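Notes to accompany the following structure.
The values are calculated or read from the model by the stated rules, or taken from the named source; none is laboratory data. Owing to the predicted nature of the structure, the values given are computational and were not obtained by experimental measurement. Positions of Cβ are generated from backbone atoms using ideal geometry, with glycine treated the same way; all protein chains shown enter the neighbour counts. Accessible surface areas use protein heavy atoms only, side chains included; no ligands, DNA or RNA. Shrake-Rupley method; radii C 1.70, N 1.55, O 1.52, S 1.80 Å.
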Amino acid sequence: MSPPGQACSVGPPRVSVLVPVRDAEPAAVAATVASLVAQSEPSWEAVLVEKFEGTKGRRPSFPGAAGRLVPRASPADGLSELAARGLAAATGEWV
């Protein structure tokens, strides 16, 4: 098993984590991703489906998550539509 925060290098991710985001503070999104990086399961991707209104240029960086984030911008109106778009983009064995 890879150490926490280290990506699995073989095949598609085992777990896809959907993160629908609407008008969230960048620090809150960064904390969510940091929590994923700290998990013991090494084979994951985070599908960030976001709708930021008025936060242009304030997106956080995600140390330790390089290559495992699938950002999806969306003009969707609600969190349920954002989640549906994220589900369509997920490639993991489990969501």
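Of all residues in segment 1-42, those that are more than 25 Å from Ser80 (Cβ to Cβ), modelled with pLDDT of 85 or more and open to solvent by less than 30 Å² (accessible area, probe 1.4 Å) total 2. Are any residues in segment 63-89 more than 10 Å from the chain's Cα centre (by Cα), part of a loop (DSSP other than H, G, I, E, B) and either at pLDDT 70 or above or among the hydrophobic types (A, V, I, L, M, F, W, C) (or both), and if so, which ones? The answer is Ala66, Ala76, Gly78. Taking first residues from segment 22-37 that are closer than 15 Å to Lys51 by Cα and partners that are in a helix (DSSP H, G or I) and open to solvent by 60 Å² or more (accessible area, probe 1.4 Å), the Cβ contacts under 6 Å between residues at least 6 apart in sequence or on separate chains come to Arg22/Leu79. Take Gly92 and decide whether it is at pLDDT below 80 and out of contact with any Cys (no Cβ under 7 Å at 6 or more places or on another chain). No.
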